[in-house]
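Take a look at the structure set out below.
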């Protein structure tokens, strides 16, 4: 039976490290080494990663190099193109994520969904929206519809859901039955309390919406209250 190359076991261990911690515990040369696994199938890429970083001066400059420059350092054309694909994909990802028009569309969609859910409600309800670190929605729904929603029970539920879903950011919303889409002093105090309690869990509260009929108010867009979310 043919023996497997010794670095096969090393590659598997590196993948397991990534599964368990992503890149949080990786040095730059180890990240590059792992990426090179998929461009150089049957070779020790640890030494290659070190050589590339030493030659170009830094981790980021390796990805700034052209295909020709990478090949001049000993990479095959396939491996060089693979590194440039990773670089191009990252640039496209950042551009797409920061596309302001998409952010506006997402905000409009969120506000329309909140209006659909709360504008005709006969009782006061609290709605929660949670997102992961990439901005993907994890949860959207009513979490309380009691006579007095702003209780310790609600604060505990927000913390519990934040931990359960590993939420990075949250938006809360509630409707008012008096027809006035504006916060009371109690609303402001509750928002500050929620912001501070979530911050201890590593979750950021991004906004608190108030809906009254077809009117919708955003605290973060209020110049006097935006500081709460800073």
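Here is how the numbers come out for the structure above:
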{"item": "At 0.692 mPa s and 37 °C, Stokes diffusion of segment 100-229 via Kirkwood alpha-carbon radius, µm² per second", "result": "222 µm²/s"}
{"item": "Residues residue 93 and residue 123, FRET efficiency given R0 of 41 Å [Cβ-Cβ distance, rounded to 0.05]", "result": "0.45"}
{"item": "Full-stretch length increase - residue 38, residue 69 - with 0.36 nm per residue and alpha-carbon distance subtracted", "result": "9.2 nm"}
{"item": "Highest average packing first - 17-30, 152-165, Cβ atoms within 10 Å", "result": "152-165, 17-30"}
{"item": "Relative contact order of the chain, defined on C-alpha pairs under 8 angstrom at six or more residues apart (%)", "result": "13 percent"}
{"item": "Computed over segment 100-229: relative contact order in percent, which uses C-alpha pairs under 8 Å that are six or more apart", "result": "26 percent"}
{"item": "Förster radius 41 Å - calculated FRET efficiency between residue 54 and residue 139 (Cβ-Cβ, nearest 0.05)", "result": "0.35"}
{"item": "For segment 7-97, convex hull volume per residue from C-alpha positions, Å³", "result": "97 Å³"}
{"item": "Per-q log10 I(q)/I(0), the chain, q = 0.07, 0.13 Å⁻¹ (Debye; single scatterer per alpha-carbon; no solvent)", "result": "-0.39, -0.84"}
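Laboratory data are not the source of any read-out in this text; all were calculated from the coordinates shown. It should be emphasised that the depicted structure is a prediction, and the values quoted were computed from it without experimental measurement. Cβ sites come from the backbone with ideal geometry, for glycine too, and all protein chains shown count toward neighbours.
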